[in-house]
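Encoded as structure tokens, the structure appears first; notes follow it.
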Amino acid sequence: MSNKPLHQQSLTELSRSLQDGAISSTELTQHYLDRIKQLNGELNCFITVCEEQSLQQANAADRAIAAGNIKPLTGIPLAHKDLFCTEGVKTSCGSRMLDNWIAPYESTMTGNLKAAGTVMLGKLNMDEFAMGGSNENSYYGPVRNPWNREVIPGGSSGGSAAAMAAGLAAATTGSDTGGSIRQPASMCGITGLKPTYGRISRWGMVAFASSLDQAGPMTRTVEDAALMLNVMAGFDPKDSTSMDRAVPDYSATLNEPLKGLRIGLPKEYFAEGLDSRVEQTVRNAIAEYEKMGATVKEISLPHTHHSIAAYYVIAPAEASTNLSRFDGVRFGYRCEEPKNLEDLYQRSRGESFGSEVKNRIMIGTYALSAGYYDAYYTKAQKIRRLIRDDFLRAFEEVDVIMGPTAPTPAFPIGAKANDPVAMYLGDIFTISTNLAGLPGMSIPAGMVDGLPVGLQIIAPHFEEARLLNVGHQFQQTTDWHLRTPVDLRG
Amino acid sequence: MVIDPTTIASIAHLARLSLSDDEVQLASGKISAIMGLIDEMQSVDTNGVEPLAHPLDAVQRLRSDEITEINQREELQANAPAVEKGLFLVPRVIE
């Protein structure tokens, strides 16, 4: 058994201890519940803690292990972003709209993890409906970064990233529409993987922008992300955009040698707006790969700059459509004493959506309205093709693309609250992979001013195994992924 | 590009969002700034480029027309704000 504290051990280490009987799932679950009790007050990672239910699941896992029926994730305590439907448990999406909503069914992805024997500790805080990059847009208040309580954890999966950095779960899940897994992973110093669009079922994941949304694992190590993806990925007939392709064993290829790996560095990712210390950190990480025998080449993704504009048409357009289901009639918040049906719709939505959500619904409504559709939505979808084709061309010459995940380390809470354009520009390096449907991953690559900085790795469609192999090899020769905030080591 | 408060109010109505006067003013400022960012895309030459609806060019999958859902009316209506005899209640629509 490893002598590290339980909450700093990887899934592989914990799984071995559970299998050996060195620890029970009940003890492990109680350990995390105790840490959540101790730390959640200041960090605000959890919206819901499932104490009783998680201990029941841990007990069931212990009985399965005693009967010799152990799978790689049996008895492992996880927590899910609060936009995955979890049967019988509040699924709020960080919104007042769904503050009273108990999911009547289980999402396919969380159901897969449940069937794999995992324990669910609770549901994690997030920007409302996943709209945001700082976790300041939650009805339940901001999440604080475990590395520095005055700065943001990133978003929108901020609760998921901060919970990992603080050791409040063995692994977490997130969703990524424009960077919402990778950017908080970068800012909290953890591993975050956004798979190819369609790799993990979206069924039961509350929709933000359906052509961009993708779930993924947020973990301590790349090896752990592979273990999670093995269970999370797969075809689902209930999701019409789920891709019917075999799921490889992502753990099997982690140790492939990287000699001869061709790395592309997009010149547009090392341009104006990139913090020079972040750039140096990323270049140091790339130098590690050169030591392993990789070759590096400058490439160009010429439409990168336009990805933000295209995204902030497409994502709000899809969101305005998706969020029309929240009408105060069938579920969710309803205003007091509506005068008539229209008043019921308007006030139920107006009183329960936060300002960022309302603004995005309005941008989407405007972009889709008569007379503007071609100028905005069609134009954005054309640019989307140019962005995708930039990547396809680049991957004819290189095996992976690397660069920074975010242009800066985490910034102070409130610093960009009144400047949406500055906030959106922070997504510049992550958004285009969503528009192109590509898999991307952020791994810890260094520290700037005591805050973590991530390296982003992007691979061709369905090449998650390559991403994980490349990330894992970095974690074999560096220890950035093992760093934890001093006061939370426990 | 300026989206003035009158336009904001009319978009909010289309989207069925009640906004206070202060919210309309704030939204006008923020959305105008965002539309300025978005308008940068008009500088891109997209002549002859087809819009991309799906990054992998996938098309909608079809299935046979069979009933696969089971009736869960009570479970689903348990979350509804107001229900009577299995129906969702709303304010009177027809006088």
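The values are calculated or read from the model by the stated rules, or taken from the named source; none is laboratory data. Since the model is a prediction, treat every value here as computed from it, not as a measurement. Don't worry about glycine lacking a Cβ; one is built from the backbone with ideal geometry, like all the others, and counts go over all protein chains shown.
Between A:A436, A:A422, the distinction of being crowded, with 24+ Cβ neighbours inside 10 Å and within 11 Å of another protein chain (Cβ to nearest Cβ) belongs to A:A436 only.
Evaluate the following for A:T484: is it of a type in the set (S, T, Y) and more than 23 Å from A:K291 (Cα to Cα)? Spelling it out, A:T484 is indeed of a type in the set (S, T, Y) and more than 23 Å from A:K291 (Cα to Cα).
So that you can scan it fast, the table gives a plain yes or no per residue for (1) out of contact with any Gly (no Cβ under 7 Å at 6 or more places or on another chain); (2) at pLDDT 95 or above; (3) of a type in the set (G, A, S); (4) not assigned by TED's automatic domain parsing to the domain that holds A:I457:
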| position | (1), (2), (3), (4) |
| --- | --- |
| A:G273 | yes, no, yes, yes |
| A:S276 | yes, yes, yes, yes |
| A:Y289 | yes, yes, no, yes |
| A:P316 | no, yes, no, yes |
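Filter the range A:109-148 for residues that are touching a strand residue (DSSP E or B) at 6+ places or on another chain (Cβ under 6 Å) and among the β-branched types (V, I, T); which is nearest to A:L488 (Cα to Cα)? Only one residue fits best here, namely A:V119. When the range A:69-120 is filtered for residues that are under 19 Å from the mean Cα position of the chain (by Cα) and either assigned to a strand (DSSP E or B) or within 12 Å of another protein chain (Cβ to nearest Cβ) (or both), the ones remaining, listed by number, are A:P77, A:L78, A:A79, A:H80, A:K81, A:F84, A:C85, A:T86, A:T91, A:M120. Checked against (1) at negative phi; (2) buried (at least 24 other Cβ atoms within 10 Å of the Cβ); (3) touching a Pro at 6+ places or on another chain (Cβ under 7 Å); (4) more than 14 Å from chain B (Cβ to nearest Cβ), A:V151 meets all criteria but (2). When the range A:17-30 is filtered for residues that are of a type outside the set (S, T, N, Q) and within 20 Å of A:M218 (Cα to Cα), only A:L28 remains.
Look at A:G179 and say whether it is on the phi > 0 side of the Ramachandran plot and surrounded by fewer than 24 Cβ atoms within 10 Å (Cβ to Cβ). So A:G179 does not fit the description; no.
Among (1) within 14 Å of chain B (Cβ to nearest Cβ); (2) over 23 Å from the mean Cα position of the chain (by Cα); (3) crowded, with 22+ Cβ neighbours inside 10 Å; (4) in a helix (DSSP H, G or I), where does A:Y311 come up short? For A:Y311, the exception is condition (2).
A residue that is more than 16 Å from A:D275 (Cβ to Cβ), touching a residue at least 40 places away in the same chain (Cβ under 8 Å) and either touching a helix residue (DSSP H, G or I) at 6+ places or on another chain (Cβ under 6 Å) or within 14 Å of chain B (Cβ to nearest Cβ) (or both) occurs nowhere in the range A:445-456. Candidates in the range A:357-375 are the residues that are more than 7 Å from every other protein chain (Cβ to nearest Cβ) and surrounded by 20 or more Cβ atoms within 10 Å (Cβ to Cβ); of these, the one that is farthest from A:I457 (Cα to Cα) is A:A367. If you go through the range A:407-418 one residue at a time, do you hit one that is out of contact with any Cys (no Cβ under 7 Å at 6 or more places or on another chain), among the β-branched types (V, I, T) and closer than 18 Å to A:A165 by Cα? Taking every residue of the range A:407-418 in turn, at least one turns out to be out of contact with any Cys (no Cβ under 7 Å at 6 or more places or on another chain), among the β-branched types (V, I, T) and closer than 18 Å to A:A165 by Cα. The residue that is surrounded by the fewest Cβ atoms within 10 Å (Cβ to Cβ), among those in the range A:14-47 that are among the polar types (S, T, N, Q) and closer than 26 Å to A:K71 by Cβ, is A:Q19. Somewhere in the range A:359-371, is a residue β-branched (V, I, T), within 25 Å of A:S134 (Cα to Cα) and within 21 Å of the chain's Cα centre (by Cα)? No, because not a single residue in the range A:359-371 is β-branched (V, I, T), within 25 Å of A:S134 (Cα to Cα) and within 21 Å of the chain's Cα centre (by Cα). So in the range B:42-69, with the set limited to residues that are at pLDDT below 90 and of a type in the set (V, I, T), which one is farthest from A:Y377 (Cα to Cα)? Filtering first and then ranking leaves B:T68. If you check A:G273, A:G293, A:G350 for being under 30 Å from A:H472 (Cα atoms) and within 14 Å of chain B (Cβ to nearest Cβ), only one passes: A:G273.
Does A:F429 fit the bill of being within 10 Å of chain B (Cβ to nearest Cβ) and of a type in the set (F, W, Y)? No; evaluated as a whole, the condition is false for this residue. Looking only at residues of the range A:210-234 that are under 27 Å from A:P316 (Cα atoms) and in a loop (DSSP other than H, G, I, E, B), we find that the one that is farthest from the other protein chains (Cβ to nearest Cβ) is A:A233.
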